[in-house]
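The values are calculated or read from the model by the stated rules, or taken from the named source; none is laboratory data. Keep in mind that this is a model prediction, so the values were computed, not measured. Every residue, glycine among them, receives a Cβ derived from its backbone with ideal geometry; neighbour counts consider all protein chains shown. For the accessible areas, the whole protein counts, side chains as well, though only heavy atoms, and no ligand, DNA or RNA atoms are used. Shrake-Rupley method; radii C 1.70, N 1.55, O 1.52, S 1.80 Å.
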Amino acid sequence: MTPPRDRPPYVADERTQLVGWLDMQRSIIHWKCEGLSDADARRSVLPASPLMTMAGVVSHLRWTEHCWFEVLFLGRPAEGPQFEGEQEDADMMVEGIPLAQLLEDYDRQCAVSNEIIAAHSLDDVGRHPDFRAAAATLRWMVIHMVEETARHAGHVDAIRELLDGEKGYY
């Protein structure tokens with residue numbers, strides 16, 4: 001079931017607004033995946049970007065949330081496909097994983113990210129000693145995830161229209 005696509009309140013504290021915008025972009029990703037077959041979720045429609053599929057973007061966003069909030073911010077071990085081996089865009093390689101599972105994994109990761117955001121000051125900085133980007137504040141990381149997710153929401157909007165003609169603005 002797709003999460004609601006609600007904008008955050010016009011008047012609210014900074015954290016409520018930041019997480020509200022991030023949650024709305026996350027829900028757009030879900031919405032654009034509604035009703036897609038696994039075959040269509042893996043179908044490449046951009047010749048120069050064969051990994052830019054609906055399934056690939058969902059996986060990428062899941063691992064990007066993990067990277068920024070668990071690895072860079074909390075300082076946990078750098079684990080995940082983007083840290084394994086030399087393969088560029090490994091986090092977008094999802095052969096054999098059903099779209100429903102990718103969306104469930106993304107939901108779980110978003111819940112973990114929201115718990116981390118709720119438990120820390122937006123002024124706290126990341127802790128991972130091996131990555132320069134860990135020096136960013138949690139606020140910066142949340143804003144970056146809003147930007148990253150919104151950018152990919154635009155991608156999946158275009159991909160979905162190319163796949164089956166479905167279009168719509170949240």
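Observations on the model:
- Note on HIS144 and GLU79: the extension gain reaches 21.4 nm, defined as 0.36 nm multiplied by sequence separation minus the Cα-Cα distance.
- Accessible-area composition of the chain, carbon plus sulfur, in percent [1.4 Å probe]: 54 percent
- In sequence order, segment 150-160 has phi-based couplings of 5, 4, 6, 4, x, 4, 5, 4, 5, 4, 4 Hz under the Karplus curve 6.51 cos²θ - 1.76 cosθ + 1.60, θ = phi - 60°, and Gly or Pro positions carry x.
- Applying both filters, DSSP loop and at most 12 other Cβ atoms within 10 Å, to the chymotrypsin sites (Phe, Trp or Tyr not before Pro) of segment 47-105 eliminates every site.
- Only Lys, Arg, Asp and Glu carry charge here, each on its Cβ (+1 for the first two, -1 for the last two); on that basis the chain has a dipole of about 360 debye about its Cα centre.
- The listed peptides 5-15, 129-139, ordered by packing as a protection proxy, come out as 129-139, 5-15 (highest mean of other Cβ atoms within 10 Å first).
- Separation of alpha-carbon centers, segment 65-131 and segment 31-54, rounded to whole Å: 21 Å
- Residue of GLY85, GLY56, GLY154 that the Gaussian network model of the chain assigns the largest fluctuation, springs spanning Cα pairs under 10 Å: GLY85
- Among the GluC sites (Glu not before Pro) in segment 20-73, those placed in a DSSP loop whose Cβ has at most 16 other Cβ atoms within 10 Å are GLU34.
- The phi-based Karplus calculation (6.51 cos²θ - 1.76 cosθ + 1.60; θ = phi - 60°) puts the 3J(HN,Hα) values of segment 103-116 at 5, 5, 4, 5, 4, 4, 5, 4, 5, 4, 4, 5, 5, 5 Hz, whole numbers, x for Gly and Pro.
- Using the 1.4 Å probe convention, the accessible area of segment 18-164 works out to 47 Å² per residue with neighbouring protein chains retained.
- Cα gyration tensor category, rounded, prolate or oblate, for segment 94-156 with a/c compared to 1.5: prolate
- Alpha-carbon radius of gyration plus Dmax, which is the widest Cα pair, for the chain in Å: 16.0, 46
- Cα-based helix-to-principal-axis angle, 14-33 vs the chain, degrees rounded to 10: 20 degrees
- Helix-only [θ]222 nm of the chain, DSSP H runs n ≥ 4, -39500 (n - 2.57) each, per residue, nearest 500: -17000 deg cm²/dmol
- Under Karplus coefficients 6.51, -1.76 and 1.60, residue-wise ³J(HN,Hα) of segment 57-65 in Hz, glycine/proline x: 5, 4, 4, 4, 5, 4, 6, 5, 4
- The amide H of HIS128, built 1.01 Å from its N in the peptide plane, has GLY75 as neighbours under 5 Å, considering only residues 5 or more places off or on other chains.
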